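The values are calculated or read from the model by the stated rules, or taken from the named source; none is laboratory data. Here the structure is a predicted model, which is why all the values come from computation and not from measurement. No Cβ is skipped: glycine too gets one built from the backbone with ideal geometry, and neighbour counts run over all protein chains shown.
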Amino acid sequence: MTETSDEPSLNRNWRVRNLKGGDVWDGAIIAYWEASFDPISDDYTPEEIDAHELFKKWVKKVQEKYPNGLVPIYWFVKCKEHAMFESMPFQFKHSAEVFSEDFLTFYSWPVSSMTGEQLNWLTLPVADKLWDSQRADKGGFIQQATGWKPAVLQPYIYLPALMNILQ
């Protein structure tokens, strides 16, 4: 017996056409998030620093840059099977020069490989990012230290609320 989910985008492959070459591929796609300054983890491994310590370093950086506590989140569409990683459409534009092109610049609107139904972007699963002995995902220390990850297309982390999780 195969387990399925009630979530519209889980357990589905999406059919996508490359707008430049016309190639069509099917694959699972996810919403991948990056919080401002979360690439701080690129300088470390989980063996060198644990998630809580790295979270503290990150908090110090973002508090200086964003004194209002609103830390931008940037969104991407990722398909591991086809090595595809593009800016996600319909995300909040934190500045005019960031991400003028997105997934829909290069690919057709994804449709279900099974039903032909168009993707509702708000139903994409959000990537789990971890920071432990098994995985060292960029920015994974945030989810590992707090147990939190954003809702799809959430534009900001409200830092005071995130820090309250640890108290």
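Would you mention how many residues in the stretch 137-167 are surrounded by 19 or more Cβ atoms within 10 Å (Cβ to Cβ) and part of a strand (DSSP E or B)?
1
Please indicate, with yes or no, whether at least one residue in the stretch 104-124 is more than 23 Å from A28 (Cβ to Cβ) and not β-branched (V, I, T). Even if it seems obvious, please write down each step before you answer.
At the first step, the residues of the stretch 104-124 found to be more than 23 Å from A28 (Cβ to Cβ) are none.
Scanning the stretch 104-124 turns up no residue that is more than 23 Å from A28 (Cβ to Cβ) and not β-branched (V, I, T).
Within the stretch 8-46, track down each residue that is surrounded by fewer than 17 Cβ atoms within 10 Å (Cβ to Cβ), among the polar types (S, T, N, Q) and either in a strand (DSSP E or B) or at negative phi (or both).
N13, N18, T45
For A96, indicate whether it is at pLDDT 95 or above and at negative phi.
Working: at pLDDT 95 or above: no; at negative phi: yes.
No; evaluated as a whole, the condition is false for this residue.
Determine which single condition E86 fails, assuming it passes every other condition in (1) assigned to a loop (DSSP other than H, G, I, E, B); (2) free of Cβ contacts under 8 Å to residues at least 60 places away in the same chain; (3) in contact with a helix residue (DSSP H, G or I) (Cβ under 6 Å, 6 or more places away or on another chain); (4) not hydrophobic (A, V, I, L, M, F, W, C).
Tallying (1) assigned to a loop (DSSP other than H, G, I, E, B); (2) free of Cβ contacts under 8 Å to residues at least 60 places away in the same chain; (3) in contact with a helix residue (DSSP H, G or I) (Cβ under 6 Å, 6 or more places away or on another chain); (4) not hydrophobic (A, V, I, L, M, F, W, C), E86 fails exactly one: (1).
Please verify whether S95 is polar (S, T, N, Q), in contact with a helix residue (DSSP H, G or I) (Cβ under 9 Å, 6 or more places away or on another chain) and surrounded by fewer than 19 Cβ atoms within 10 Å (Cβ to Cβ), treating the condition exactly as stated. Reasoning before the result, please.
Details: polar (S, T, N, Q): yes; in contact with a helix residue (DSSP H, G or I) (Cβ under 9 Å, 6 or more places away or on another chain): no; surrounded by fewer than 19 Cβ atoms within 10 Å (Cβ to Cβ): yes.
So S95 fails the test.
Could you run through the stretch 98-129 and say how many residues are surrounded by 15 or more Cβ atoms within 10 Å (Cβ to Cβ), free of Cβ contacts under 8 Å to residues at least 40 places away in the same chain and closer than 30 Å to D43 by Cβ?
Residues in the stretch 98-129 being surrounded by 15 or more Cβ atoms within 10 Å (Cβ to Cβ), free of Cβ contacts under 8 Å to residues at least 40 places away in the same chain and closer than 30 Å to D43 by Cβ: 3 in total.
Residues are listed down the side, and each one gets a yes or a no for (1) over 24 Å from Q144 (Cα atoms); (2) modelled with pLDDT under 95; (3) within 20 Å of the chain's Cα centre (by Cα); (4) not charged (D, E, K, R):
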{"site": "T4", "(1), (2), (3), (4)": "yes, yes, no, yes"}
{"site": "S9", "(1), (2), (3), (4)": "yes, yes, yes, yes"}
{"site": "R12", "(1), (2), (3), (4)": "yes, yes, yes, no"}
{"site": "D50", "(1), (2), (3), (4)": "no, no, no, no"}
{"site": "K57", "(1), (2), (3), (4)": "no, no, no, no"}
{"site": "K60", "(1), (2), (3), (4)": "no, no, no, no"}
{"site": "V77", "(1), (2), (3), (4)": "no, no, yes, yes"}
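Across the stretch 47-65, what is the total count of residues that are surrounded by 20 or more Cβ atoms within 10 Å (Cβ to Cβ) and of a type outside the set (A, V, I, L, M)?
2
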